[in-house]
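Colleague: One structure, pasted below without further comment.
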Amino acid sequence: MRARFCFLILAAGILQAQQVVAPTPDAVGSPRGENTGDYNITNSFETGYRWSIVNGDAGMYRSDVNYGNGLRLLGSSLTVDSRDGHGHYFDEILLNTIGLGNDPYQAATLRVRKNGLYEYDMTWRLDDFYNPGLDISGGAHLMNTSRRIQDHDFTLFPNGAFQLDLGYSRNTQNGPALTTAQEFDTRSSAFPVFENVHRQWNEYRLGVRANFAGFTFIARHTWDYYKDDPVDTFSGQEVAGTQNDLGALTQFQRTQPFHGSTPGWLGNLFTHRKLWALNARMTYTGGTGDFALDEMATGTSRFGAAANRQIVVTGNGGRPNLAGDFSVSFFPKQNLTIVNNSSVHDLRIAGDNYYTEFDNGTGLATTFAFEFLGVRTIANDTDINYRLKDWIGFFAGYTYSERQIRQTDASALPSIPGTAFSDSYVSENHLNAARLGIRLRPLKPLTVTLEGELGRNNKPLAPISEDNYHTLNARVQYRTRHLQLSTEYRQIYNLNAPLSLSYYTSHSRTYSGSGSWSPRDWFSIDATYNKLHLDTLGSLEFFAGVLGPQLQTGYDSLYISNIHAGDVGVRFAVSKRADLYVGYSITKDVGDGRSSAVPPGTTDPVQALLSSVQTFPLTYQSPLARLSIRISPKVRWNAGYQFYGYGELFHLLGYNQNYNANTGYTSLLWSF
Amino acid sequence: MRGFLRIVLLVSILSAAGTVWAQTGYVGSNVCKTCHADIWFNFYKNPHYRSIASGSEPPERTGCEGCHGPGKAHVEARGGKSTIPHAFSLMTPRQVMEDCLTCHASNFDKANIRRSEHTLADVACNSCHSIHHSPTPKYLLAKVQKDLCYGCHADIRSQFEMPSHHRVNEGFMNCTDCHNPHGVFAATWRMADRPRMVSQALTNEEACLKCHVDKRGPFVFEHPPVRIDGCETCHYPHGSMNGRLLRRPVVFTLCLECHNGGGNGTRNSGVDIQSATHNLLDPKYQRCTTCHVRIHGSNIDVYFLR
């Protein structure tokens with residue numbers, strides 16, 4: 001039995017998805033740990049060196065993978081458990097870390113708990129965040145920042161009749177970025193400027209939970225503060241570099257602070273009885289924000305004249321956000337559950353600004369602008385879950401949802417003839433959706449689930465929003481101790497037509513199959529295959545032309561994606577001394593099978609542009625191998641190699657982002 | 001010989017527990033450990049051990065019998081799954097859930113378990129949690145979280161293996177950063193019908209905003225689909241073959257598919273079309289976000305230019 005227990009722990013580490021090569025998931029040492037006094041301690045550290053060699057577009061590699069070189073504490077784990085559940089200060093300490101030392105993705109989790117008295121949970125994470133630069137991916141901006149997130153939760157008297165919760169979360173993002181500023185007039189080019197990102201969010205939480213008469217009541221108050229203090233600068237000579245644009249930027253300075261707070265309340269009352277259950281929630285957050293912008297630019301306009309421009313904006317915004325839910329469940333029979341849920345959500349966003357612009361041509365202009373966006377949604381849905389026999393069950397559901405959107409503009413919109421300041425609009429729509437499903441279990445290890453949903457939205461917000469849609473889903477799973485097989489088909493069709501001015505259809509089909517087989521404790525294999533198909537067709541209306549912008553209404557936006565994704569992982573153990581894991585994952589979008597981005601014979605330049613982005617064949621693959629050798633009962637030596645290959649068949653808008661990277665590591669894992 | 005010793009030990013313990021046995025059928029965890037020593041040996045590390053450590057819980061909420069029910073019949077029959085009143089591997093998903101909710105119903109994160117997609121699909125507690133053989137002590141999961149979820153959601157697994165993805169495989173994130181597998185309140189975006197398993201962050205807002213706080217606002221000029229239909233309008237949440245988790249390889253098709261005068265828009269007149277001054281054949285107009293840098297919302301400019 002003990003051997004089986006150890007195997008199960010090991011198997012849990014084996015049957016896993018394709019992964020990053022390190023840290024090593026294999027365990028070493030006794031899972032039972034060492035006894036010290038009244039505590040049991042288990043501990044492990046994996047320390048090693050990670051390396052990477054990148055060929056091709058390093059920026060794209062950093063965006064996708066980002067592992068570098070250097071010494072790392074690849075992973076560590078510490079548990080301290082009191083053996084009788086009556087520790088003096090604590091009964092459990094649990095600390096896990098990954099990637100500390102300079103990996104781009106680092107995390108630490110800590111739990112300290114004393115039975116019946118307190119519980120403390122902490123999560124700390126770091127993500128070295130990178131976006132490729134300006135001139136690739138169609139105008140996106142470079143980011144080279146670090147995001148740090150931490151969450152602390154302290155609970156007094158956990159699971160007691162009265163529980164007190166204290167919490168603190170912090171999210172910071174700092175680092176350099178490259179953004180753009182469009183200067184001197186709205187038809188000029190945008191110039192790249194450097195930005196120093198500095199964002200910080202803090203949230204403090206205080207909550208209570210009380211159990212009385214079979215009810216649980218939760219109240220929570222949050223204090224939430226956010227500030228964004230970016231500084232953008234440029235000094236030098238940056239030319240627009242586009243056709244018919246003589247614009248140049250020589251000096252630029254922008255500060256754009258935004259400080260806001262969002263206090264919030266949450267109240268929740270719920271109970272669970274033999275024949276019924278109730279769950280009611282009400283939340284309110286009242287977000288506010290104050291902002292300013294001071295921007296100064298000097299240079300040359302697109303016609304070649306000297307230009308300077310200063311913009312000053314100040315203002316504030318508010319966003320009260322109310323959400324309520326009331327859910328009632330009935331269990332009239334052991335095999336029947338009926339749940340009805342009503343919800344209301346009211347969001348109002350209102351803000352105003354005072355816009356002042358100075359330039360050497362017009363002098364001074366002051367504009368007061370405000371905008372209001374209100375969204376109110378009321379929804380009711382009912383789910384019925386009925387088990388006819390042990391081997392067959394049904395579920396069904398119906399949702400009715402009504403949404404009202406209100407908007408008030410304090411800006412005349414040139415794109416909409418006849419608009420004026422302070423125009424108000426109200427738009428209402430509703431959705432009816434019905435679901436039906438069946439569950440079968442003809443054999444104990446075999447489950448079959450079939451379900452479908454049909455929805456009708458009378459006035460979708462955007463052309464691509466769900467309007468006339470249906471989904472189908474079928475899943476078959478076979479599970480035994482050593483073998484797991486699963487297959488699924490999912491279909492989502494959305495038809496957004498006919499509309500008065502446009503049409504849009506979207507067909508998404510997913511086929512997947514996966515299997516895990518672990519016939520022996522020294523061998524296991526895990527494989528998955530997916531085919532993800534998407535095709536969309538939407539009408540377009542835009543301005544383009546060789547001789548100047550002309551309204552174009554006869555073109556479509558066609559997008560076809562045919563993704564084949566597969567991975568396989570095989571693990572061998574040799575005489576309990578060595579573990580070898582070999583894995584391979586590939587994701588390949590074959591598009592619609594065309595051999596060139598623009599089909600031969602296309603002479604219309606507008607159609608050529610649209611054709612070039614209709615499909616995006618791409619292969620992304622990553623084989624890996626890892627060897628882990630047990631040197632002693634407490635020490636393992638590990639080494640691994642992982643390759644990343646990214647290859648676009650067509651280079652979007654002329655930019656080649658392909659790369660291949662060889663990465664690896666070697667480490668020692670010490671446990672007791 | 002080993003079996004004989006076990007029986008002798010069992011009889012001795014049962015003699016001591018005789019009174020309780022006679023009255024309620026509960027025999028106490030000490031009896032169980034006689035045969036199930038492998039489980040008992042590490043059980044003090046299990047969060048459920050608290051029921052034993054407290055010493056004040058009634059028998060029906062203490063130790064092994066707190067979940068498996070009174071052990072008298074099982075002991076008398078000298079084992080066998082069918083003699084365990086609550087043998088989870090023999091129970092229906094509904095019964096498993098009911099048993100676990102006996103204690104866990106008062107947890108806030110399980111308040112919506114009745115309307116969870118998992119519940120409707122017969123995914124019960126022991127489909128994901130392994131009480132006695134969990135490699136992850138924190139939530140007693142049967143596997144590392146992502147592998148557990150990938151076991152059924154193979155299509156999502158493949159999305160996390162695409163070039164642009166949230167860092168779940170790298171260990172920076174977990175599925176539960178965005179999802180609550182036990183069910184959630186109605187979404188406060190889209191039409192409130194779906195998604196049904198995405199947690200609300202920051203009390204009542206879309207999950208993405210917990211990390212991407214700079215997109216939260218409030219902004220004087222909101223990009224309406226961000227607030228009304230949510231981030232998924234333009235982005236895939238798990239992974240994408242396109243940069244920045246976008247739904248299209250280039251920005252301009254993403255923008256133009258909505259900005260074509262169709263739909264309803266917020267003004268009952270369709271979504272605004274592209275400006276007449278923008279010639280799409282000019283490369284600078286093919287990169288919309290080069291100028292419209294504040295596409296998620298701006299305090300300064302109605303067209304999100306700064």
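The values are calculated or read from the model by the stated rules, or taken from the named source; none is laboratory data. Fair warning: this is a prediction, and the values are worked out from it, not measured in the lab. Every residue, glycine among them, receives a Cβ derived from its backbone with ideal geometry; neighbour counts consider all protein chains shown.
Colleague: Which of the residues that make up segment A:30-78 are within 17 Å of A:Arg636 (Cβ to Cβ), among the small types (Gly, Ala, Ser) and crowded, with 18+ Cβ neighbours inside 10 Å?
Modeller: Matches in segment A:30-78: A:Gly33, A:Ser44, A:Gly48, A:Gly75, A:Ser76, A:Ser77.
Colleague: Among the residues of segment B:189-205, how many are at the interface with chain A (Cβ under 9 Å from one of its Cβ atoms) and part of a strand (DSSP E or B)?
Modeller: Total meeting the criteria: 1.
Colleague: For segment A:446-460, how many residues are over 24 Å from A:Asp383 (Cα atoms), within 11 Å of chain B (Cβ to nearest Cβ) and not basic (Lys, Arg)? Explain how you work it out, then say what you get.
Modeller: Initial filter on segment A:446-460 (over 24 Å from A:Asp383 (Cα atoms)): A:446, A:459-460.
Filter again for within 11 Å of chain B (Cβ to nearest Cβ), leaving A:459-460.
Restricting the remaining residues to those that are not basic (Lys, Arg) gives A:460.
Here the count works out to 1.
For (1) touching a residue at least 60 places away in the same chain (Cβ under 8 Å); (2) among the aliphatic types (A, V, I, L, M); (3) in a strand (DSSP E or B); (4) facing chain B (nearest Cβ under 7 Å), each residue gets a yes or a no:
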{"site": "A:Asp526", "(1), (2), (3), (4)": "yes, no, yes, no"}
{"site": "A:Tyr529", "(1), (2), (3), (4)": "no, no, yes, no"}
{"site": "A:Asp535", "(1), (2), (3), (4)": "no, no, yes, no"}
{"site": "A:Tyr559", "(1), (2), (3), (4)": "no, no, yes, yes"}
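Colleague: Could you check how many residues of segment A:266-300 are surrounded by fewer than 16 Cβ atoms within 10 Å (Cβ to Cβ) and either at the interface with another protein chain (Cβ under 9 Å from one of its Cβ atoms) or touching a Pro at 6+ places or on another chain (Cβ under 6 Å) (or both)?
Modeller: Residues meeting the conditions: 1.
Colleague: From A:Leu472, A:Leu485, grab the single residue that is part of a strand (DSSP E or B) and within 25 Å of the chain's Cα centre (by Cα). It would help to see each step written out before you state the result.
Modeller: Numbers: A:Leu485 fails: within 25 Å of the chain's Cα centre (by Cα).
Answer to the selection: A:Leu472.
Colleague: Restricting attention to segment B:112-157, which residues are part of a loop (DSSP other than H, G, I, E, B), more than 18 Å from A:Leu485 (Cα to Cα), facing chain A (nearest Cβ under 7 Å) and in contact (Cβ under 8 Å) with a residue 24 or more places away in the chain? Spell out how you get there, then give the answer.
Modeller: Of the residues in segment B:112-157, the ones part of a loop (DSSP other than H, G, I, E, B) are B:112, B:116, B:121-124, B:130-135, B:137-140, B:142-144, B:153.
Pick out the ones that are also more than 18 Å from A:Leu485 (Cα to Cα) and you get B:112, B:116, B:124, B:130-135, B:137-140, B:144.
Still in the running and facing chain A (nearest Cβ under 7 Å): B:112, B:133, B:135, B:137-138, B:144.
B:Asn112, B:Pro137, listed by residue number.
Colleague: Counting only residues that are more than 20 Å from A:Asp64 (Cβ to Cβ) and aliphatic (A, V, I, L, M), which one in segment B:162-187 is nearest to the chain's Cα centre (by Cα)?
Modeller: By that ranking, first place goes to B:Val184.
Colleague: A:Thr666 is checked against (1) in a loop (DSSP other than H, G, I, E, B); (2) at pLDDT 95 or above and fails just one. What number does that condition carry?
Modeller: (1)
Colleague: Among (1) more than 10 Å from every other protein chain (Cβ to nearest Cβ); (2) part of a loop (DSSP other than H, G, I, E, B); (3) closer than 19 Å to A:Leu532 by Cβ; (4) touching a strand residue (DSSP E or B) at 6+ places or on another chain (Cβ under 8 Å), where does A:Arg594 come up short?
Modeller: Condition (4) is where A:Arg594 drops out.
Colleague: Please find, among A:Thr337, A:Thr356, the residue that is in contact with a Ser or Thr (Cβ under 8 Å, 6 or more places away or on another chain) and facing chain B (nearest Cβ under 9 Å).
Modeller: Details: A:Thr356 fails: facing chain B (nearest Cβ under 9 Å).
So the residue among A:Thr337, A:Thr356 that is in contact with a Ser or Thr (Cβ under 8 Å, 6 or more places away or on another chain) and facing chain B (nearest Cβ under 9 Å) is A:Thr337.
Colleague: Follow-up question, since we're still on this one. Could you tell me which numbered condition A:Gln106 fails, if it satisfies all but one of (1) under 28 Å from B:Ser240 (Cβ atoms); (2) touching a strand residue (DSSP E or B) at 6+ places or on another chain (Cβ under 6 Å); (3) touching a residue at least 60 places away in the same chain (Cβ under 8 Å)?
Modeller: If we test A:Gln106 against (1) under 28 Å from B:Ser240 (Cβ atoms); (2) touching a strand residue (DSSP E or B) at 6+ places or on another chain (Cβ under 6 Å); (3) touching a residue at least 60 places away in the same chain (Cβ under 8 Å), just (3) comes out false.
Colleague: Something else: Determine which member of the set B:His212, B:His223, B:His235 is in contact (Cβ under 8 Å) with a residue 60 or more places away in the chain, on the phi < 0 side of the Ramachandran plot and not hydrophobic (A, V, I, L, M, F, W, C).
Modeller: Working: B:His212 fails: in contact (Cβ under 8 Å) with a residue 60 or more places away in the chain; B:His235 fails: in contact (Cβ under 8 Å) with a residue 60 or more places away in the chain.
Among B:His212, B:His223, B:His235, only B:His223 is in contact (Cβ under 8 Å) with a residue 60 or more places away in the chain, on the phi < 0 side of the Ramachandran plot and not hydrophobic (A, V, I, L, M, F, W, C).
Colleague: Which condition number does A:Arg199 fail, the rest of (1) on the phi > 0 side of the Ramachandran plot; (2) in a strand (DSSP E or B) being met?
Modeller: Result: A:Arg199 fails condition (1) only.
Colleague: Right, next: Residues that are more than 30 Å from A:Arg111 (Cα to Cα) and not acidic (Asp, Glu): find the helices (runs of 4 or more DSSP H) completely inside segment B:18-94 holding 3 or more of those. Before you say what the answer is, go through the steps one by one.
Modeller: Values: elements: B:18-24, B:29-35, B:37-41, B:50-54, B:63-68, B:72-76.
Result: B:18-24, B:29-35, B:72-76.
Colleague: Something else about it: Taking B:Ser51, is it crowded, with 19+ Cβ neighbours inside 10 Å and under 26 Å from the mean Cα position of the chain (by Cα)?
Modeller: Values: crowded, with 19+ Cβ neighbours inside 10 Å: yes; under 26 Å from the mean Cα position of the chain (by Cα): yes.
Yes; evaluated as a whole, the condition is true for this residue.
Colleague: Can you tell which of A:Leu540, A:Leu551, A:Leu624 is crowded, with 20+ Cβ neighbours inside 10 Å, farther than 25 Å from A:Gly645 by Cα and touching a Phe, Trp or Tyr at 6+ places or on another chain (Cβ under 9 Å)? Explain how you work it out, then say what you get.
Modeller: Values: A:Leu551 fails: crowded, with 20+ Cβ neighbours inside 10 Å; A:Leu624 fails: farther than 25 Å from A:Gly645 by Cα.
Step by step, each of A:Leu540, A:Leu551, A:Leu624 is checked, and only A:Leu540 is crowded, with 20+ Cβ neighbours inside 10 Å, farther than 25 Å from A:Gly645 by Cα and touching a Phe, Trp or Tyr at 6+ places or on another chain (Cβ under 9 Å).
Colleague: I would also like to ask the following. Please find, within segment B:70-87, the residue that is farthest from the other protein chains (Cβ to nearest Cβ) out of those that are buried (at least 18 other Cβ atoms within 10 Å of the Cβ) and touching a residue at least 24 places away in the same chain (Cβ under 8 Å).
Modeller: Within segment B:70-87, the match that is farthest from the other protein chains (Cβ to nearest Cβ) is B:Lys72.
Colleague: In a loop (DSSP other than H, G, I, E, B), modelled with pLDDT under 90 and in contact with a strand residue (DSSP E or B) (Cβ under 8 Å, 6 or more places away or on another chain) - does that describe any residue in segment A:384-406?
Modeller: Taking segment A:384-406 and keeping what is in a loop (DSSP other than H, G, I, E, B), we get A:390-391.
Now restrict to residues that are modelled with pLDDT under 90: A:390.
From what's left, in contact with a strand residue (DSSP E or B) (Cβ under 8 Å, 6 or more places away or on another chain): A:390.
Yes, the conditions are met somewhere in segment A:384-406.
Colleague: Give the residue that is nearest to A:Ile586 (Cα to Cα), with candidates limited to residues of segment B:225-241 that are facing chain A (nearest Cβ under 7 Å) and crowded, with 22+ Cβ neighbours inside 10 Å.
Modeller: This residue is B:Met241.
Colleague: I'd like to know if segment B:135-153 contains one or more residues that are crowded, with 22+ Cβ neighbours inside 10 Å and more than 18 Å from the chain's Cα centre (by Cα).
Modeller: no
Colleague: Criterion first (more than 8 Å from every other protein chain (Cβ to nearest Cβ) and either crowded, with 19+ Cβ neighbours inside 10 Å or not basic (Lys, Arg) (or both)) does B:Glu170 satisfy it? Full working, then the answer.
Modeller: Details: more than 8 Å from every other protein chain (Cβ to nearest Cβ): no; either crowded, with 19+ Cβ neighbours inside 10 Å or not basic (Lys, Arg) (or both): yes.
No, not satisfied.
Colleague: Can you give me the ranges of the strands (runs of 3 or more DSSP E) entirely in segment A:76-149 with at least 2 residues that are at the interface with another protein chain (Cβ under 7 Å from one of its Cβ atoms) and among the β-branched types (Val, Ile, Thr)? Write out each step before concluding.
Modeller: Details: elements: A:92-100, A:105-114, A:118-131.
Result: empty, no element qualifies.
Colleague: In segment B:248-264, how many are more than 7 Å from every other protein chain (Cβ to nearest Cβ) and outside any helix (DSSP H, G or I)?
Modeller: Residues meeting the conditions: 1.
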